[in-house]
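The values are calculated or read from the model by the stated rules, or taken from the named source; none is laboratory data. Everything numeric here is computed off the predicted structure, so don't read it as measured data. Using ideal geometry, Cβ is built from the backbone for each residue, glycine included, and neighbour counts are taken over all protein chains shown. Quick note on the areas: whole protein, heavy atoms, side chains included, nothing else; ligands and nucleic acids left out. Shrake-Rupley method; radii C 1.70, N 1.55, O 1.52, S 1.80 Å.
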Amino acid sequence: MSTRNWLCAYAITRNRPTELDLGPAPRLIGYRDLGVVVAEAEPARFESLDTVDPVDGTLAELAREHDAVVRAVFRHEPVLPLRFGTVLDGEGSVRRLLEVAYDQARNCLDEVEGHREWGVRVRHTEPAAASRPDAAGLTGTQYLVRRRERLKAIQRAREDIVGAAGRLEDALRRHAADSVGRARPHGVLVNTAYLVETGREAAFHAEVEWFARELRAAGATVETTGPWPPYSFTDVELGAVAHG
């Protein structure tokens, strides 16, 4: 009985020799001018990704392994990161993936080449007691007047921060080839990923710093993450060749 050769697929890239700096395990399987970076996989490690307890270190370990391979390729070639946990049934399935998705993948790879992903987040959370003035020495009416004034000042400050955050987003979009909004938990005003051409990164970061000074003075924080492979800008339909 033949054993099945399961392969973990990390990313689509150019079909040309690449030094991955990760030892012999990851390799490239090619179809025309595209290739998929793969490594031998144990399907059991991936079968319960949707139900595994986040506290369990297995998920974090697998995610770190996946990101390390994608980044190693990204240091040398453009990449389309594949969904974390994509496991394929042998080299034939890998080539079918490329054959089915070839046109879309090739166009997408051309679009992201020479670009990197950067994340920008703006946070602002008012202190819990910010709207309550000190009542010492005030009559009830004076306290209510003071509280209304404080609430108006807080609202104006928030409007100023929201306005500056909006101007920051507009400015950054002018320097980016694409942008994708992410979930914004409470207190987060901006949480956006930007795809930026490497030649425009200096202008992009200068814009961030310009608005960050205004936002920080108003009590907000500005965080920048990256550079990342274009995780937020890959949308390749894999068809039905994946396992799991």
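For ARG200, the test of being over 13 Å from the mean Cα position of the chain (by Cα), modelled with pLDDT of 95 or more and basic (Lys, Arg) is passed. Annotation: of all residues in segment 153-179 being hydrophobic (A, V, I, L, M, F, W, C) and open to solvent by 50 Å² or more (accessible area, probe 1.4 Å), the one that is nearest to the chain's Cα centre (by Cα) is ALA177.
Here the condition is being part of a loop (DSSP other than H, G, I, E, B), touching a helix residue (DSSP H, G or I) at 6+ places or on another chain (Cβ under 8 Å) and modelled with pLDDT under 90; of ARG83, ARG16, ARG4, it holds for ARG4 alone. Condition (residue is under 15 Å from HIS115 (Cβ atoms), among the polar types (S, T, N, Q) and surrounded by fewer than 19 Cβ atoms within 10 Å (Cβ to Cβ)) applied to segment 180-201: is it met by at least one residue? Within segment 180-201 (the criterion being under 15 Å from HIS115 (Cβ atoms), among the polar types (S, T, N, Q) and surrounded by fewer than 19 Cβ atoms within 10 Å (Cβ to Cβ)), the answer is yes, since at least one residue qualifies.
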